[in-house]
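The values are calculated or read from the model by the stated rules, or taken from the named source; none is laboratory data. Just so we're clear, the structure is a prediction, and the values are computed from it rather than from any experiment. As a convention, Cβ positions derive from the backbone with ideal geometry for all residues, glycine included, and neighbour counts pool all protein chains shown.
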Amino acid sequence: MTVRKRLDSPREIADIGFAPAVGTPTGVEIMSLAELRERAPFRMGKAGLRQPQRPTFHHLVTLSSGTLWHTVDFTGYALKPGSWLWIRPGQVQQWGDLHEAEGTLILFERDFLDPGTVAAARLDDPHAPVLQIPDTEDRHALEMAVNHLALEFPALRGISLEAHMAVLRHLLAVLVLRLSQRTMPVGSPAPEPGETFVHFRDAVERDFTRTRRLEDYARALGYSSRTLSRATLAGAGVGAKEFIDRRVMLEAKRLLAHGSLPASRIAAQLGFTSATNFSKYFQQRAGQSPIAFRASVRGRSSESGRGDVPGTG
């Protein structure tokens, strides 16, 4: 993994673009966590990968031993052998102590896979779970898939570069399809979301920077506000207005953590009429000002395992 940092100060979050090492296939990279440990301090400075980052490509992480604490979009996860983390482009992540775990890291760009795989594996789904735990049968299949991918990655093995790339593309497709289709997020299996909630969820993802008013979504979708609230409570466990606010807050936190945009610019990007209104909105929901949040999230680069930690039982 080669990283490109766009940093205005030593404590600013790293924006990482995919840049494979010389001589390796374009669009995908597979390495052990031991290899990552060797590269990270040199590539990213004294704090290494404990600095928050916002990659533009996918990460798949699985362990063979130990435990890894990893923060994704300001929530902490405990990764154990057999479980998987899938960090998607645009999510803010922060690695824990890599010396406590051994395993494999797979990096890939969306366009490395064919469009059919991208669709079937839901690569663009912003609501897909971060932490996944396969059952025994799928765990064995995933182990075989990742081992085969790691075996094929380093060398051409007597075939052309074009054929080598095709092999890697097919093997990665097998892995992501099985991981996306046959694994469950942490906790009890959730029922399939209802059609009304899916329509509302997609509308919020599309329009949350334009409006935070539930009435606007109800009008656009042809439902009553009460119907949307019932559907969202059943599908997400919160009311519809809370669902909208959570999406706005997630983007606000990402923007605050990433870069040094002033509150006025962030407010404008999120559809607020002024920085003052944005600050009040953020304070009410986060219990701290936007500036205090930015300082706190950047101050965690020397810590790990902080925040809510699902899947630790």
Quick one: in the stretch 112-148, which of the residues that are of a type in the set (Val, Ile, Thr) and more than 19 Å from the chain's Cα centre (by Cα) is farthest from Ile87 (Cα to Cα)? Thr136
Scanning the stretch 269-302 residue by residue, those on the phi > 0 side of the Ramachandran plot and surrounded by 13 or more Cβ atoms within 10 Å (Cβ to Cβ) turn out to be Gly271
Of the conditions (1) modelled with pLDDT of 90 or more; (2) within 30 Å of Phe108 (Cβ to Cβ), the single one that Ser225 does not satisfy is (2)
Would a scan of the stretch 110-126 turn up a residue that is out of contact with any Cys (no Cβ under 9 Å at 6 or more places or on another chain), among the hydrophobic types (A, V, I, L, M, F, W, C) and under 18 Å from Gln53 (Cα atoms)? no
Selected residue (only one of Glu109, Glu102 is among the acidic types (Asp, Glu), within 14 Å of the chain's Cα centre (by Cα) and modelled with pLDDT of 90 or more): Glu109
Selected residue (criterion: farthest from the chain's Cα centre (by Cα)) from residues of the stretch 261-277 that are hydrophobic (A, V, I, L, M, F, W, C) and under 15 Å from Val248 (Cα atoms): Ala275
Listed by range, helices (runs of 4 or more DSSP H) wholly within the stretch 209-261 having at least 2 residues that are surrounded by fewer than 15 Cβ atoms within 10 Å (Cβ to Cβ) are 214-221, 225-236
Taking the stretch 56-96, which residues are in a strand (DSSP E or B) and polar (S, T, N, Q)? Thr62, Ser64, Ser65, Thr71, Thr75, Gln93, Gln94
With the condition kept exactly as written, say whether any residue in the stretch 271-282 is in contact (Cβ under 8 Å) with a residue 12 or more places away in the chain and charged (D, E, K, R). no
Which listed residue, of Gly82, Gly96, is touching a Phe, Trp or Tyr at 6+ places or on another chain (Cβ under 7 Å) and either polar (S, T, N, Q) or at pLDDT below 95 (or both): Gly96
Scanning the stretch 86-97 residue by residue, those more than 8 Å from the chain's Cα centre (by Cα) and surrounded by fewer than 21 Cβ atoms within 10 Å (Cβ to Cβ) turn out to be Asp97
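From Ala150, Ala166, Ala121, Ala141, which residue is in the same structural domain as Leu63 (by TED's automatic domain parsing) and either modelled with pLDDT under 90 or within 25 Å of Gly76 (Cα to Cα) (or both)? Steps first, answer last, please.
Numbers: Ala150 fails: either modelled with pLDDT under 90 or within 25 Å of Gly76 (Cα to Cα) (or both); Ala166 fails: either modelled with pLDDT under 90 or within 25 Å of Gly76 (Cα to Cα) (or both); Ala141 fails: either modelled with pLDDT under 90 or within 25 Å of Gly76 (Cα to Cα) (or both).
Unique residue meeting the criteria: Ala121.
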For the stretch 108-119, check the following and say yes or no: at least one residue is surrounded by 18 or more Cβ atoms within 10 Å (Cβ to Cβ), in contact with a Phe, Trp or Tyr (Cβ under 7 Å, 6 or more places away or on another chain) and under 24 Å from Ala286 (Cα atoms). no
Under 30 Å from Arg206 (Cα atoms), out of contact with any helix residue (DSSP H, G or I) (no Cβ under 7 Å at 6 or more places or on another chain) and of a type in the set (A, V, I, L, M, F, W, C): does that describe Leu113? no
Failed condition for Leu156, given (1) outside any loop (DSSP other than H, G, I, E, B); (2) surrounded by fewer than 15 Cβ atoms within 10 Å (Cβ to Cβ); (3) not acidic (Asp, Glu), with all others met? (1)
Looking at (1) at negative phi; (2) modelled with pLDDT of 95 or more, find the lone condition where Gly66 falls short. (1)
